[in-house]
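Notes follow the structure.
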Amino acid sequence: MSLFVRFCRKALAPVVGALAVALVPAHPACANTLTLEEQAVVAPLQAFFDGIAKRDKAAMSAQVLPNTHATIIRGGKILQLSMKELLERSPPGTSTLEERFWDPLVRIDDDIALIWTPYDFLMDGKVHHCGTDVVNLVRLDGRWVIAGLADNSRTNCSRK
């Protein structure tokens, strides 16, 4: 949970009591929060990142369409990868991995959606690189799934 959401819950608690905990993610007084529909769009991305942290390729694959591709920029080079190729790029070993994002811009039109968000990628708790994730999603059988990913990457990150 972000510090902003915690702050909003604390600030709203005197006003709405125990309901603050339930209401804050969608409460308009907290400008950086998401609507329930936006939260549903962001959920597959968070689940994908949770899969990265657990090194669980099946959990990550469950969040994407079967033939999804990713376009990533590393060292100034554009790489287009199948999801299988992207999952194979996971660093070997036992280092802890975490990808975090914040302040996502979410756009929804019927059964398509877009997330544009800054991110950082941590290895053993230290920022390894950061950039922007752009994620296309579609609603399939009532749930949002990732239809495509793009990101850039740099090492001069302000969030450490």
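The values are calculated or read from the model by the stated rules, or taken from the named source; none is laboratory data. Values in this document were obtained by computation on a predicted structure and should not be read as measured data. All Cβ positions, even for glycine, are placed from backbone atoms using ideal geometry, and neighbour counts span all protein chains on display.
A compact table of results
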read-out	value
Condition met for Lys10 (basic (Lys, Arg), more than 21 Å from His129 (Cβ to Cβ) and at pLDDT below 95)	yes
Per-region count, the range 136-160, residues touching a strand residue (DSSP E or B) at 6+ places or on another chain (Cβ under 6 Å) and either of a type in the set (Phe, Trp, Tyr) or more than 19 Å from Ser90 (Cα to Cα) (or both)	9
Qualifying positions in the range 88-109 - loosely packed, with under 11 Cβ neighbours inside 10 Å and assigned to a strand (DSSP E or B)	Asp109
Those residues of the range 44-87 which are under 24 Å from Thr155 (Cα atoms), surrounded by fewer than 13 Cβ atoms within 10 Å (Cβ to Cβ) and among the small types (Gly, Ala, Ser), in sequence order	Gly75, Gly76
Residues satisfying the stated conditions in the range 132-143, i.e. surrounded by fewer than 18 Cβ atoms within 10 Å (Cβ to Cβ) and not charged (D, E, K, R)	Thr132, Val134, Asn136, Val138, Leu140, Gly142
Every residue from the range 69-128 that is aliphatic (A, V, I, L, M) and touching a Lys or Arg at 6+ places or on another chain (Cβ under 6 Å)	Leu87, Leu114, Val127
Matching entry among Ser61, Ser95, Ser153, Ser82 (being among the hydroxyl-bearing types (Ser, Thr, Tyr), farther than 26 Å from Thr33 by Cβ and touching an Asp or Glu at 6+ places or on another chain (Cβ under 9 Å))	Ser95
Qualifying residues in the range 37-79 (those that are small (Gly, Ala, Ser) and in a helix (DSSP H, G or I)) - the one nearest to Asp110 (Cα to Cα)	Ala40
Residue in the range 14-25 that is at pLDDT below 50, assigned to a loop (DSSP other than H, G, I, E, B) and outside the structural domain of Val138 (by TED's automatic domain parsing) present	yes
